[in-house]
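Values quoted throughout were computed directly from the atomic coordinates according to the rules given, and no laboratory measurement underlies them. None of these values were measured; they are calculated from a predicted model. Because the Cβ atoms are built from the backbone with ideal geometry, glycine has one as well, and the counts that use them run over all protein chains shown.
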Amino acid sequence: MTAGPVVGGLRAVGREARRLRITPRFRGRELTLLLFVAFALVAGDISLGATRLVQAAQEAGEQPPADLVVLAAPTILTIYIAGLFLVHAALVLAGRRTDQILLPTMGLLGGIGLLLMIRLPQDLAGRLGGLAQTQLLWLVIGLIIVTGLAVAVRNDVWLRRYKYTWAAVGVGLLLLTFVFGRDINGARLTVTIGPFSGQPSELLKVILVVFLAGYLSENRPLLQEESTRVGPFRLPPLPYLAPMVAMWAIALGVVIVQSDLGAALLFFAVFLLLLYVSTARVSFVVLGLAAFVAGAGLLYFVVDRVRTRIDIWVDPFADPSGAGYQVVQALHAFARGGLIGTGLGGGLPSIAGRPPIPALHTDFPLAALGEELGLVGILAVLGLYLVLVERGLRIASAAQDEFRAILAAGLSLVIGVQAFIIAAGNLKLIPLTGITLPFVSYGGSSLLANSVIVGLLIALSERTREPLPPPRVTSRFRRLVDRGAA
Amino acid sequence: MAGHERVGGTRPPSRFPGGQRSAGHARPVSGSAPSWAGRRIGIGAALGRVAMVLAFAFGSLALGAGYWQVIESQNLSTSGDDAAVIAAARNVLRGEIFDRDGARLAWNKRDKNDEPYRVYADNSLSGVIGYANRQFGTAGLENAWNAQLSGVVSADPLRELTRKFQADPSDPETLKTTLVLQLQEAAAKALGRNRGAVVMLNPRTGEVLAMVSTPTYDASAIADPTTAEATFQALQDDRRTPLLPRATQGLYVPGSAFKIVTSMAALSTGAITPTTTYSNQPAAESKGWLIDGFRVRDGHHPMTGNKALDFREAVEASCNIYFAETGVRTGSEALTDYATRLGFGAALPFDLPTGTSQITNGGGSLPGGFKDRVEIANAAYGQAEVLVTPLQMALVAATIANDGTLMKPHLVLEATGKTGTTTVNPQVEQEVVSSGIAHEIGAAMRLAVNGDVGRFFTFGAALRTMVVAGKSGTAELGPGQEPHSWFIGFAPYDDPQVAIAVLVEHSGGGDVKASPIAGDLLRAWRNWKNG
């Protein structure tokens, strides 16, 4: 055997690849980070396996076995890690010069969530053989979405052109929730149509960012410089305030109709942040915050759920076994974890076979991680979200135009703000709202929506300079508006 | 953040609507811009500020996590609301409880979820051992020694710190109590369907040998999760209040049994001597002794005739007038002082929570809070506002039996965990009276059981096999109510080893119910003692 045929074969493959216009590009940083992620997840799974062996031996009244190195859920973990490397391979083959940090960061967060789902009682939720298997399915679908968007999205015309169409889709989703929504724990978040069910507000947050990016980038100059004089005050241009008021009303509506405090808070916060990003006018933010305070005050007196949540937040220990139960137990979980935690599987004492917090897998994963990974683990998880946001903002500041900048900033801020809202709720810094911890919480809608975000961010991060999309064919109406505003 | 401007600068301006207006994001505000708006900054700079806001928000999250996980960690994770503490109570096998001879009083079974629940040896234990149930909590000894029995709290702070790293963090302790199961059963049987209480203890050591409250209840049914709810509800609705541990928390008028307390104060302060007599006493018995417009009445003058009684005879005949006069002569200050030494006026130093025995309601102007001399006179023979717990009266008898020294009553001999055994040693609580005075009162109590006059009031308490000393009581409760029946005493007279208090609610005079029960139980004690 000589090297000749092999080299020749490789050359043939290369020729074929070039013919198909595939030019693989090595992604060394991503590969290194993914190897680290794989190592961390395997270590976590072994830790969980060892804890389980010790616990089982204890219950049987025996000495724990000498060999404790065993994976708790080898198949699930193998599939997930293989999935991560397959995404990496696809991105290498695609040959685009895109971000290499986002995938490993998302991968680690998703993996930590998966370990948590493996660790929790499997019958908490999920149709597909239990919590962990269902979560794995959604994670794999999420990775496929990331791959698809990161490889295929090469221009953004379909996003920027049809912003009002997207807005219509968003409103449609809201209506869908209103009509087909099912009340779960007093909140109308879930829509069930036939065998499918999901939480539209998760997808809505992506659509909202796309719409805002389109709207704000187009009207940026006007919003930045015009002003209206009302008496002694110079206010932002009133005609352009309309969407702001609309946003405020939508957020309020989401609260009143769906009792979805978390989503409303998220929408409004992201809206204000993007408004500031695009206009740099602090006055907008101040005005928005004033509207928020007024709205919140109104809701406190009108909506029982809001009042309950705020009262619990003020003093959860007033009724530790009733209304404040979940919040108090979450704080206890953090407290039990202490600095370094109990180790995966070592905490969350079960009462009658159930974990101490009912909504552990959806609303309180951070409390679970706080107990089992300790303060150190919490800081690491929070750090991962900051990395995601930092990458997103970096992509935004390097973007080719305002639309892409605001889009990238909005997408990453959605993840950052959402993580903050639920983490702060768990830690009693703000009232608790039922929103997911991105990539960690159990749930398909949340994972899919956040995967869309990461996929879009990776696509937006491409560094080759592409020609910008052609200007939109301006309508007669549009020309009139432009003339009037100028 | 400079990237955006670089890219933006290279952009063909004409291809993006509005691009001309925004080209160069760091462009200073033109003259036409409103003055309030300040200097315009570009998207890059705005993104930087947003990033700072978010970093600040996440910093506050880190501080919040630090607060709960470091500063509040200890407080929260050891509180009773903590899931780990609750789970330990559910999952950990509570330590078993034994009587002093090794008979099992409480142990564990497992339900269908493999969670343990408590089982108790006998209903007679309900008033002292109590119960432990995950829904309804704990009572009695199960409550008082809960930390040791469930093993969640360790006395050693260093062990507490490293607890969560140990393979098995809990260390439930086994309790060996001072109780005697066969005496418990005998007492419950003797009280029968009556409501009442029996306390038996070793006067030399303060070890409680028997402590029974009736009606008893089935503590195992409360502990068993399948029957707990219904049982507990029924017991709470029961008008006979079986959940009240009468021996320690029931408060009753003591009647003549209280004369022993008055005797201690009177003899110790020298208000009377054993030979003191009151010349007006025999005559007063027909019409009552008048003090400040109130007549102290007495009912047994036919038996004593016209003789003026001395101290021993007054105890034997249980003469109310003698003690009313003695009480007034002793004064409320000395009475209060000696009652306080015996444990009145405060919860008793005991494993279980106790009711507070009192000699007056307080609030009066005389020392100790008495209203007037009439109240003192009536209190001196155990009426007026005197209220006592059966345990308190057992301690009164035990103090006489132990030469005037009150030993601290206790229920646990040993607590044994993985790390070793803690022993509870006898402890002197109070030197109440001198041994001479204790012997004088003891001699009078011997007559009250065995004397020609006394045995009519304490019928059934005297034994052929052993000399018993004691004092009966008939607590008058006012018109229309049967009096409470009391007996307190000790045995054997020459070398007291057991003190006893028997209370039977609304059952008539001391001789009717309490004295025969005391006799039965002292016989049972002797049988137990002789093996």
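Would you kindly state how much longer the chain becomes between A:Asp311 and A:Phe39 on full extension, computed as 0.36 nm times their sequence separation minus their alpha carbon distance, in nm to one decimal? Mind dumping the intermediate values first?
Values: separation 272, 0.36 × 272 = 97.92 nm, distance 4.37 nm.
So the extension gain works out to 93.5 nm.
Calculated FRET efficiency, A:Asp123 and A:Val69, Cβ-Cβ r, R0 25 Å, to nearest 0.05?
With a Förster radius of 25 Å, E is 0.35.
Run down the lysines and flag those whose C-alpha is under 18 Å from the C-alpha of B:Lys513, throwing out any fewer than 8 positions away in its chain.
B:Lys189, B:Lys471
Residue by residue through region B:138-149, what is 3J(HN,Hα) from phi via Karplus (6.51 cos²θ - 1.76 cosθ + 1.60, θ = phi - 60°)? Round to whole Hz and write x for glycine and proline.
10, 8, x, 4, 4, 7, 5, 10, 4, 4, 6, 5
Could you check the simple spin-label distance between A:Thr23 and A:Val7, using points 7 Å along Cα→Cβ, in nm with one decimal?
Distance between label points: 2.4 nm.
Give the residue list of trypsin sites (Lys or Arg not before Pro) in region B:221-282 that are DSSP loop and have at most 13 other beta-carbon atoms within 10 angstrom.
Working: sites: B:Arg239, B:Arg240, B:Arg246, B:Lys259; in loops: B:Arg239, B:Arg240.
Passing both the DSSP loop test and the Cβ count: B:Arg239, B:Arg240.
Hey, fewest Cβ within 10 Å first, where do B:Met264, B:Met407, B:Met211, B:Met466 land in order?
Working: B:Met264 28, B:Met407 23, B:Met211 34, B:Met466 17.
Exposure proxy ranking, most exposed first: B:Met466, B:Met407, B:Met264, B:Met211.
Taking amide hydrogens as modeled 1.01 Å from N in the peptide plane, which residues meet the under 5 Å criterion relative to B:Thr276, leaving out close sequence neighbours?
Here the answer is B:Phe311, since their amide H atoms fall under 5 Å of that of B:Thr276.
At 7 Å along the Cα-to-beta-carbon direction for both A:Ser350 and B:Ala230, put a label point, then send me their distance in nm to one decimal.
Here the answer is 2.9 nm between the modelled labels.
Given H placed 1.01 Å from N in the peptide plane, which residues other than close sequence neighbours of B:Gly196 have an amide H under 5 Å from its amide H?
Residues meeting the amide H criterion: B:Thr214, B:Glu505.
Arranged by the count of other C-beta atoms within 10 angstrom, fewest first, what order do A:Trp158, A:Trp166 take?
Numbers: A:Trp158 12, A:Trp166 22.
With the sparsest Cβ surroundings first, the list reads A:Trp158, A:Trp166.
Checking the a/c ratio against 1.5 first, then a/b against b/c, what shape does the Cα gyration tensor give for region A:27-185? Working shown, then result.
Working: a/c = 3.84, a/b = 1.48, b/c = 2.60.
The shape class here is oblate.
Between B:Asn527 and B:Ser60, 0.36 nm times their residue separation minus their Cα-Cα distance comes to what?
Numbers: separation 467, 0.36 × 467 = 168.12 nm, distance 7.25 nm.
Separation in residues times 0.36 nm, less the Cα-Cα distance, equals 160.9 nm.
Which value does Rg/Rh take for region B:228-365 over its C-alpha atoms, Rh per Kirkwood? All intermediate terms of the calculation are to be shown ahead of the outcome.
Working: Rg = 19.3 Å, Rh = 17.5 Å.
Ratio of gyration radius to Kirkwood radius for region B:228-365: 1.11.
According to the square roots a ≥ b ≥ c of the eigenvalues of the Cα gyration tensor, what is the shape class of chain B, taking rounded for a/c under 1.5, prolate for a/b larger than b/c otherwise, and oblate for the remainder? Please list the in-between numbers first.
Details: a/c = 3.57, a/b = 2.42, b/c = 1.47.
Taking the square roots of the gyration eigenvalues as a ≥ b ≥ c, chain B is prolate.
Inside 10 Å of the C-beta atoms of A:418-430, what's the mean count of C-beta atoms belonging to other chains?
Numbers: counts 0, 4, 5, 1, 0, 7, 5, 0, 4, 10, 3, 7, 2.
Mean shielding count: 4.
Just to be sure I understand the model, the point goes 7 Å from the Cα along the line to the Cβ. What's the resulting A:Val171 to A:Thr78 distance in nm?
5.2 nm
From the Cα gyration tensor of region A:39-106, with a ≥ b ≥ c the square roots of its eigenvalues, which class applies: rounded if a/c is under 1.5, or else prolate if a/b is larger than b/c, or else oblate?
Working: a/c = 5.01, a/b = 3.78, b/c = 1.33.
Since a/c reaches 1.5 and a/b is larger than b/c, the shape of region A:39-106 is classed as prolate.
Round to the nearest 0.05 the FRET efficiency obtained for B:Lys189 and A:Gln55 when R0 = 51 Å and r is the Cβ-Cβ distance.
Taking R0 as 51 Å, the efficiency between B:Lys189 and A:Gln55 is 0.60.
Please give the calculated 222 nm ellipticity per residue for the protein assembly as shown, where each DSSP H segment of at least 4 residues contributes -39500 (n - 2.57) and the sum is spread over every residue; nearest 500 deg cm²/dmol? Before the final figure, lay out each step's value.
Values: 40 runs with 529 residues, N = 1017.
Helix contribution divided over all residues of the protein assembly as shown: -16500 deg cm²/dmol.
Rank the residues A:Glu390, A:Glu202 as a footprinting-exposure proxy: fewest other Cβ atoms within 10 Å of their Cβ go first. Please list the in-between numbers first.
Values: A:Glu390 17, A:Glu202 26.
Result, fewest neighbours first: A:Glu390, A:Glu202.
Show the residues, 5+ positions off or on another chain, whose built amide H is closer than 5 Å to the amide H of B:Tyr252.
Amide H neighbours of B:Tyr252, under 5 Å, 5+ apart: B:Val388, B:Thr389.
Can you give the average number of partner chain beta-carbon atoms within 10 Å of each beta-carbon in peptide A:79-85, as a whole number? Spell out each step's value before the answer.
Working: counts 0, 0, 0, 0, 0, 0, 0.
If you average over the peptide's residues, the count of other-chain Cβ atoms is 0.
Mind checking which lysines have their Cα closer than 23 Å to the Cα of A:Lys205? Skip sequence neighbours fewer than 8 apart in that chain.
Reachable lysines: A:Lys163.
Enumerate the calculated ³J(HN,Hα) couplings along region B:259-275 in order (Karplus 6.51 cos²θ - 1.76 cosθ + 1.60, θ = phi - 60°), each rounded to whole Hz, writing x wherever the residue is Gly or Pro.
Karplus-based 3J(HN,Hα) across region B:259-275 equals 4, 4, 5, 4, 4, 4, 5, 5, 5, 5, 7, x, 4, 9, 10, x, 9 Hz.
B:Thr174 to B:Arg100: extension gain in nm, 0.36 nm per residue of separation minus the Cα-Cα distance?
Numbers: separation 74, 0.36 × 74 = 26.64 nm, distance 1.25 nm.
Gain on stretching B:Thr174 to B:Arg100: 25.4 nm.
Can you list the HN-Hα couplings for region A:441-453, worked out from phi with the Karplus curve (6.51, -1.76, 1.60; θ = phi - 60°), rounded to whole Hz and with x for Gly and Pro?
Per-residue couplings from phi come out as 4, 6, x, x, 4, 4, 5, 5, 4, 6, 5, 4, 4 Hz.
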